[in-house]
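As structure tokens, the structure follows; a few thoughts come after it.
The values are calculated or read from the model by the stated rules, or taken from the named source; none is laboratory data. Keep in mind the model is a prediction, meaning the values are calculated, not measured. Neighbour counts are summed over all protein chains in view; Cβ atoms, including those assigned to glycine, are modelled from backbone coordinates with ideal geometry. Heavy atoms of the whole protein, side chains included, go into the accessibility calculation; ligands, DNA and RNA do not. Shrake-Rupley method; radii C 1.70, N 1.55, O 1.52, S 1.80 Å.
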Amino acid sequence: MTRSTTVPEDNPADRLPKSWNPGEVEAELYQGWVDAGYFVADPESAKPGYSIVLPPPNVTGSLHMGHALDHTLMDVLSRRKRMQGYEVLWLPGMDHAGIATQSLVEKKLVAEGTSKDDLGREKFIEKVWEWKRESGGTIGEQMRRIGDGVDWSRERFTMDEGLSRAVQTIFKMLHDRGLIYRAERLVNWSPVLKTAISDIEVKYEDVEGELVSLRYGSLNDDEPHVVVATTRVETMLGDTAVAVHPDDERYTHLVGTTLPHPFLDREIPIIADDYVDPEFGTGAVKITPAHDPNDFEMGMRHSLPMPSIMDTSGRIVDTGTQFDGMDRFEARVAVREALAEQNRVVAEKRPYVHSVGHSERSGEPIEPRLSLQWWVNVSTLAQSAGDAVRDGRTVIHPKSQEPRWFAWVDDMHDWCISRQLWWGHRIPIWYGPDGETVCLGPDETPPEGWVQDPDVLDTWFSSGLWPFSTMGWPDRTPDLEKFYPTSVLVTGYDILFFWVARMMMFGTTIGDQLPGPVPFRDVFLHGLVRDEFGRKMSKSKGNGIDPLDWVDRFGADALRFTLARGAHPGGDLSVGEDNAQSSRNFATKLFNATKFALMNGAVVQELPARSDLTDADRWILDRLALVRAEVDDALDRYEFGKACESLYHFAWDEVCDWYLELAKVQFASETHADNTRAVLGVVLDSILRLLHPVIPFVTETLWKALTGGASVVVADWPRETGVGADPVAQQRVTDMQKLITEIRRFRSDQGVKPKQKVPARLVGIDEADIASLVPATRALSFLVEPEDDFAETASIEVRLSLGTVTVSVDTSGTVDIEAERKRCEKDLAAAVKELEATTAKLGNEAFVGKAPEAVVDKIKGRQQIAREEVERLTRRLGELTSQGKSGTA
């Protein structure tokens with residue numbers, strides 16, 4: 001095939017900037033996609049539906065690395081499905097974040113010299129809405145910056161009118177079925193916020209406290225008594241029993257008897273319970289049912305009194321002692337001192353380090369407290385959520401997370417859904433003047449004079465309805481018909497119970513009212529984002545990473561590629577600036593490669609017949625087909641990391657490092673130049689489309705320049721070509737790569753400069769069946785045809801698949817032996833020093849025992865490289881000595 005080998009004057013490379021600077025183009029590209037309506041879903045479309053609902057971030061929040069990972073993976077899935085011909089809905093929204101938002105606005109009011117109590121409930125809620133309108137969109141702007149392809153026309157908020165209607169509807173439904181009830185139970189109580197809080201809002205920290213051993217009963221060792229230990233000695237004011245193990249012979253004679261309380265007119269019974277560990281401490285434990293979860297359960301089993309000794313602020317009340325009115329921490333000291341005065345303090349251990357739950361929002365230690373709250377009876381809801389996974393209606397990826405799922409849903413306790421706040425969905429229960437109670441739905445009004453329950457619902461209650469409430473339920477909308485059940489939920493395994501379980505419980509319980517029996521077909525669980533040493537990111541460690549900082553410094557694509565490349569089902573990922581810089585370099589590499597191709601006339605057009613292509617052309621096309629299949633298989637299994645690795649190494653190692661270099665040789669051939677331009681154009685077109693879901697900005701820029709198309713966002717996803725692979729071309733190119741690699745190493749060992757041309761003879765080429773690739777081999781190895789005065793100074797043999805090639809070189813006059821010896825001696829000294837340093841570190845048991853595994857592995861890698869360098873340089877110095885004696889170089 002003969003075609004013109006000239007590059008057109010109107011070169012598409014001129015469509016590209018001089019260099020890749022993501023910050024200059026990202027905002028404009030993103031707005032262009034939004035303006036074009038690429039992300040707007042059409043429920044009337046004939047295309048198959050594909051849907052994802054965004055886990056709603058808190059309205060008070062800003063994007064952190066966990067969000068960035070979530071959003072990147074969801075965007076990868078939705079962008080790919082759009083390119084595959086699906087009608088895609090990625091629905092965004094925000095959570096009203098009851099506690100976080102109320103706390104933030106309360107602090108703002110205090111700074112203004114007022115308070116929520118001064119304003120009253122209605123005016124305070126107006127203030128919250130005002131704050132939301134003015135300051136609540138921060139995270140939405142950040143989502144745009146990282147490229148989230150969400151349907152902004154459908155953005156929802158958990159306090160929207162439509163979602164409030166859904167909340168009231170399902171509350172009434174469950175209440176009428178007897179699944180929502182009011183009862184006095186133990187809750188996590190925040191004395192600062194004065195509300196119950198969920199388990200996920202409790203963070204455990206090791207604190208230095210004290211362990212006090214106190215004596216109940218007689219101070220005479222020969223008379224009835226028992227010693228118990230506690231870190232919260234003030235709670236003994238609420239003790240209603242001392243428990244021992246029924247088989248503990250030390251206390252058999254005391255079981256069933258009572259001992260007087262040191263400060264109260266109350267007898268403390270000695271009870272027997274299997275929960276007590278007779279090997280721990282004295283084998284006896286104090287029981288405070290109203291202020292400890294384990295004690296509460298024991299109190300229920302033994303029908304113990306449950307006096308609450310603290311008010312909502314954590315102050316001692318209703319004990320009738322001198323401690324009433326004291327703060328709980330003040331009382332802790334006072335009670336211990338009063339016990340000591342009675343000689344009842346047997347021992348004190350101080351400091352005593354133990355784990356204490358703290359309120360995530362307000363920071364103080366939480367107080368287990370008996371409180372009248374609203375609860376969901378979860379038994380049937382949890383059963384339906386568990387069955388949906390058991391029977392395969394919802395599939396958890398990876399499967400290894402299933403046991404964790406069943407452990408939670410099969411042993412779930414009733415859920416406290418009420419919060420003592422003003423901001424949130426108010427509980428739709430109304431009380432009449434004579435104690436009557438009624439639950440009202442969204443279209444019902446209370447009788448005149450009735451009062452609504454003051455509490456609001458746990459935020460997780462409304463977010464648990466997110467998959468279907470955002471699409472219009474309880475109405476049967478076109479969106480629900482087209483996009484429900486959603487296709488996949490992407491989230492971290494750390495909120496599997498708190499959020500995923502809630503959505504599954506609600507979605508399966510009302511499945512008969514929805515287009516599908518489950519809220520999502522797949523659940524993909526990823527791990528936590530950790531720092532480069534594998535440590536959990538935290539403010540206290542100072543190792544957190546702001547994803548927007550990376551966007552500013554490296555570009556959104558670099559952030560996204562770093563996170564997607566490290567994402568494996570169920571596994572944590574460690575990231576650092578080196579990863580982000582590497583990803584930025586990858587984007588730059590793609591930019592430079594595409595610009596080079598365009599400058600040399602690469603075009604996207606129908607490929608020539610396979611018979612007209614070179615071995616290199618057929619090889620790269622076959623590799624492209626294989627990589628496309630690998631990427632599809634990986635993404636179908638949510639193996640984001642594997643897909644990215646395949647694309648990275650194909651684009652960098654094979655296309656840029658090999659095929660582009662081979663293309664330079666073929667561009668010089670009148671026979672192959674135009675075919676090479678066509679192959680290069682097709683390969684780059686496919687790479688950019690395959691990479692687009694992960695790195696949308698650079699691929700959009702390059703694809704439009706390469707193809708002249710409107711946008712890669714709506715381009716077709718690469719499909720199987722049906723063309724069989726060419727194993728002969730594959731083997732020839734593989735052999736050529738091995739030969740060139742060995743020649744380059746040989747040149748380096750001989751001290752020849754990387755691009756210095758050296759005369760060489762290649763023997764055995766025909767037998768090795770790579771004659772067609774000799775021009776490329778010589779060009780990429782910087783070997784030239786030998787002249788008549790060729791004098792071999794060194795040679796190597798390279799064994800290939802079909803034969804051995806001998807490479808003889810003449811380095812006469814190309815190497816300064818003395819300079820080369822000095823360089824090698826200097827490099828050898830540095831390598832020896834590195835080997836000694838790394839060996840010493842790895843031999844330090846104290847260091848190895850404390851250092852993170854990733855750090856130790858890094859040092860081991862450095863040690864191995866140093867060892868190999870010492871061996872190589874020692875060998876080279878020997879060769880130089882021999883060459884100096886013979887007078888050759």
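Quick rundown of the values:
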quantity	calculated
Hits in the range 654-688 (condition: of a type in the set (Val, Ile, Thr) and either over 34 Å from the mean Cα position of the chain (by Cα) or open to solvent by 10 Å² or more (accessible area, probe 1.4 Å) (or both))	665, 671, 676, 679, 682
Residue tally, condition of a type outside the set (A, V, I, L, M), open to solvent by less than 40 Å² (accessible area, probe 1.4 Å) and under 30 Å from the mean Cα position of the chain (by Cα), over the range 190-202	3
Top-ranked residue of the range 428-458 - restricted to ones that are among the β-branched types (Val, Ile, Thr) and more than 14 Å from residue 171 (Cβ to Cβ), ranked as surrounded by the fewest Cβ atoms within 10 Å (Cβ to Cβ)	445
Pair list, Cβ < 6 Å and 6+ apart or interchain, from the range 525-544 residues that are in contact (Cβ under 8 Å) with a residue 24 or more places away in the chain to residues that are open to solvent by 50 Å² or more (accessible area, probe 1.4 Å) and in a strand (DSSP E or B)	530/536; 530/574; 532/574; 534/574
Every residue from the range 800-821 that is at negative phi and surrounded by fewer than 12 Cβ atoms within 10 Å (Cβ to Cβ)	818, 819
Answer residue from the range 540-566, given it is surrounded by 16 or more Cβ atoms within 10 Å (Cβ to Cβ) and of a type in the set (D, E, K, R) and is farthest from residue 142 (Cα to Cα) among those	565
Pairs where the first residue, in the range 91-120, is free of Cβ contacts under 8 Å to residues at least 60 places away in the same chain and the second is assigned to a loop (DSSP other than H, G, I, E, B) and open to solvent by 30 Å² or more (accessible area, probe 1.4 Å), C-beta under 8 Å, 6+ apart	104/60; 106/115; 109/115
Selection from the range 789-799 of residues that are open to solvent by 50 Å² or more (accessible area, probe 1.4 Å) and either touching a strand residue (DSSP E or B) at 6+ places or on another chain (Cβ under 7 Å) or of a type outside the set (D, E, K, R) (or both)	792, 795, 797
Residue list for the range 582-619, filter: buried (at least 24 other Cβ atoms within 10 Å of the Cβ) and acidic (Asp, Glu)	617
Pairs where the first residue, in the range 10-37, is under 27 Å from residue 151 (Cβ atoms) and surrounded by 15 or more Cβ atoms within 10 Å (Cβ to Cβ) and the second is of a type outside the set (S, T, N, Q) and modelled with pLDDT under 95, C-beta under 8 Å, 6+ apart	25/17
The range 211-222 residues that are open to solvent by 10 Å² or more (accessible area, probe 1.4 Å), paired with ones that are among the polar types (S, T, N, Q) (beta carbon under 6 Å, 6 or more apart)	211/231; 219/343
Single residue of the range 735-794 satisfying the filter (part of a helix (DSSP H, G or I) and of a type in the set (Gly, Ala, Ser)) that is nearest to residue 822 (Cα to Cα)	748
Residue list for the range 61-112, restricted to those being among the hydroxyl-bearing types (Ser, Thr, Tyr) and surrounded by fewer than 23 Cβ atoms within 10 Å (Cβ to Cβ)	62, 86, 103
Qualifying strands (runs of 3 or more DSSP E) (wholly inside the range 335-421; at least 3 residues being small (Gly, Ala, Ser))	345-359
So residue 75, is it of a type in the set (D, E, K, R), closer than 22 Å to residue 700 by Cβ and modelled with pLDDT of 95 or more	yes
The range 333-346: number of residues that are within 13 Å of residue 213 (Cα to Cα) and open to solvent by 50 Å² or more (accessible area, probe 1.4 Å)	3
Matching option when the condition is loosely packed, with under 15 Cβ neighbours inside 10 Å and of a type in the set (Val, Ile, Thr), among 187, 207	207
Residues within the range 716-743 that are open to solvent by 40 Å² or more (accessible area, probe 1.4 Å) and among the aliphatic types (A, V, I, L, M), tallied	3
Of all residues in the range 236-288 being open to solvent by less than 60 Å² (accessible area, probe 1.4 Å), among the acidic types (Asp, Glu) and free of Cβ contacts under 8 Å to residues at least 40 places away in the same chain, the one that is nearest to residue 226 (Cα to Cα)	248
Set 348, 330: member being closer than 27 Å to residue 204 by Cβ, in contact with a strand residue (DSSP E or B) (Cβ under 9 Å, 6 or more places away or on another chain) and free of Cβ contacts under 8 Å to residues at least 24 places away in the same chain	330
Selection within the range 297-315 - among the hydrophobic types (A, V, I, L, M, F, W, C), open to solvent by 40 Å² or more (accessible area, probe 1.4 Å), within 25 Å of residue 334 (Cβ to Cβ) and not in a loop (DSSP other than H, G, I, E, B)	none
Within the range 269-299, tally of residues that are in contact with a Pro (Cβ under 8 Å, 6 or more places away or on another chain) and under 21 Å from residue 357 (Cβ atoms)	9
Complete set of residues in the range 523-539 that are outside any loop (DSSP other than H, G, I, E, B) and crowded, with 16+ Cβ neighbours inside 10 Å	523, 524, 525, 526, 529, 530
Residues of the range 46-91 satisfying the condition of being in a strand (DSSP E or B), in contact with an Asp or Glu (Cβ under 8 Å, 6 or more places away or on another chain) and closer than 24 Å to residue 688 by Cα	50, 87, 89, 90
Of residues in the range 38-51 being aliphatic (A, V, I, L, M) and farther than 17 Å from residue 140 by Cα, the one least open to solvent (accessible area, probe 1.4 Å)	41
Any hit, the range 776-786, residues being closer than 30 Å to residue 874 by Cβ and among the aliphatic types (A, V, I, L, M)	yes
Residues located in the range 88-145, provided they are closer than 26 Å to residue 67 by Cα and among the small types (Gly, Ala, Ser)	93, 97, 98, 100, 103, 135, 136, 137, 140
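Listed here are the residues, each with its yes/no results for (1) acidic (Asp, Glu); (2) in contact with an Asp or Glu (Cβ under 9 Å, 6 or more places away or on another chain); (3) assigned to a helix (DSSP H, G or I); (4) modelled with pLDDT under 95.
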position: 541; (1), (2), (3), (4): no, yes, no, yes
position: 545; (1), (2), (3), (4): no, yes, no, yes
position: 548; (1), (2), (3), (4): no, no, yes, no
position: 557; (1), (2), (3), (4): yes, yes, yes, no
position: 570; (1), (2), (3), (4): no, no, no, yes
position: 583; (1), (2), (3), (4): no, yes, yes, no
position: 594; (1), (2), (3), (4): no, no, yes, no
position: 625; (1), (2), (3), (4): no, yes, yes, no
